[in-house]
Amino acid sequence: MGLSLNIDMASAAFIEPLPVINFVAQLLGKDVLSRQLSDSDRIKVKKALRGVRLKLHIERVYGFTIQHAHLPCLQVGNQKKANYLPMEACKIVEGQRYTKRLNEKQITALLRYTCQRPRDREQDILHTVQHNAYDQDPYAKEFGIKISEKLASVEARIPPAPLVEVPRNCINFSRSVQESVARGFCAELAQMCTVYRVGYALLLKYPDFNPESVIPIYNAKPEQVEKALKHVYHTSINKTKGKELELLLAILPDNNGSLYGDIKRICETDLGLISQCCLTKHVFKITKQYLANVSLKINVKMGGRNTVLLDAISCRIPLVSDIPTIIFGADDTPKMVRIPVHLLPRTSQDWPEVTKYAGLVCAQAHRQELIQDLYKTWNDPVRGSLTLSLTWRRDLLLSFRKATGQKPLRIIFYRDGVSEGQFLSVLLYELDAIRKVILRFYFFSKPNYQPRVTFIVVQKRHHTRLFANNHRDKSSTDKSGNIMPGTVVDSKICHPSEFDFYLCSHAGIQVKSVPLPRPLSKMWFAAVELA
């Protein structure tokens with residue numbers, strides 16, 4: 001199958017070149033010309049304008065009459081030589097890229113603007129190339145660079161797709177939901193969970209779901225969230241004679257502010273509760289699709305599995321099913337803050353199915369691509385030499401051996417957030433750390449134990465786009481015109497010596513029926529033997 005290729009095409013958000021007063025009014029969502037700014041408003045404005053370039057939009061600097069003296073001045077320049085300008089005299093310089101995190105409304109607007117059908121996107125790319133006239137650029141000619149106005153053509157293939165089998169106490173924080181409505185919603189959800197458990201019990205390992213609540217539905221105000229959660233928790237323990245509550249269902253107002261985060265924090269860090277939150281709008285308008293989605297979330301939280309590859313059940317996955325294989329994955333998040341980030345390693349626990357994963361969280365320095373805590377030793381003045389290996393902690397490896405009855409003979413390590421320039425450094429550093437950790441564990445101490453390690457670096461933030469050669473060919477495109485999920489390109493545009501390829505891993509997300517480009521991932525492989 002042939003594909004047309006485009007490289008280096010991206011979209012970004014830019015700050016609108018508005019007068020600063022208009023920008024502040026939009027930011028705060030209120031009239032700033034006739035009222036003072038509160039302390040919280042000033043802090044919000046300061047954060048929003050930090051690092052933004054401004055210019056004076058008045059012709060006369062001297063003799064300018066300030067109309068809104070109640071507004072604060074803007075500090076420009078550096079701390080040693082600060083200048084203060086009236087807000088009404090300043091305007092945001094155009095062409096500045098917005099690098100801060102977008103809110104939900106901004107993300108939706110950006111997606112709506114950038115969402116194009118593949119044919120339209122391809123035409124825009126060709127028009128941009130023609131408009132820029134690269135063939136006439138003097139600098140390109142000087143360096144002997146020639147840019148074609150046609151898209152590159154590459155060969156692609158679609159491997160056979162794997163077959164997949166798919167399968168309370170309640171606390172009410174919403175004043176608009178009456179107890180009878182909440183009770184009916186809980187009953188519908190319990191019935192859906194029972195349907196999934198009955199239909200896919202062997203596959204999903206779905207937990208028992210009692211349709212009856214342990215205690216009556218408890219109504220509470222959002223500002224009393226901690227008191228309400230602890231009341232429900234202790235009341236249920238007293239009624240069940242010490243048996244801990246397994247699942248808490250919470251009904252939230254549609255605009256709940258920090259309530260969701262407070263519930264998760266208290267349940268997970270203070271009470272050790274599994275919680276499932278539902279919005280008021282879904283309680284009033286119950287759909288089977290929503291109930292099915294929630295039941296699948298509950299299933300995973302309770303230790304079940306929602307999907308299993310049939311090839312895994314029948315032990316037919318190449319390079320996974322033949323010998324005990326453990327799969328690790330690690331990524332750091334968030335990417336855009338200047339504080340120590342959290343590394344999120346996860347480990348498979350149920351070979352040969354490889355569908356259940358255990359996770360760990362550890363601190364990682366900002367913009368540090370090497371995992372620092374794979375293996376670390378230091379000297380403690382009291383306890384002597386100590387070893388830290390958060391990602392490969394003994395309990396994860398022990399739980400794998402307990403679940404499978406065997407030690408892993410193959411290790412597959414998925415890594416995200418690694419630039420191409422760091423491939424070799426990451427491979428050498430982390431491979432050495434893995435070797436040290438494995439040799440340290442007593443049950444891996446035999447000299448003949450040398451599992452094979454495969455590193456897979458996944459890159460999603462690239463600018464490569466693939467289009468079908470013939471947009472009318474229904475065999476190579478879906479109904480939206482995108483290339484088919486599962487499409488692989490591993491020639492011509494790949495590295496000449498290293499093993500990498502492009503993979504369209506799954507169907508694209510849709511926003512208001514407008515298709516997004518497929519999630520095309522670039523993957524780089526390296527396989528070595530531990531010695």
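Where a number appears in this text, it was derived from the coordinates with a stated rule and is not lab data. This is a predicted model, so every value here is computed, not measured. Neighbour counts run over all protein chains shown; Cβ positions are idealised from the backbone, glycine included.
Odds and ends about this structure:
- The slack between K301 and R472, meaning 0.36 nm per residue of separation minus the straight C-alpha distance, is 57.2 nm.
- Sites E155 and V52, calculated FRET efficiency, Cβ-Cβ separation with R0 45 Å, nearest 0.05: 0.45
- Cross-link pairs exceeding 29 Å in C-alpha to C-alpha distance, out of K47/K230; K288/K474; K47/K105; K264/K285; K227/K301, comprise K47/K230; K288/K474.
- Pairs with C-alpha atoms separated by more than 20 Å, drawn from the list K492/K522; K356/K402; K30/K221, are K30/K221.
- Label-to-label distance for L319 and L28 is 5.9 nm, based on points extended 7 Å past Cα in the beta-carbon direction.
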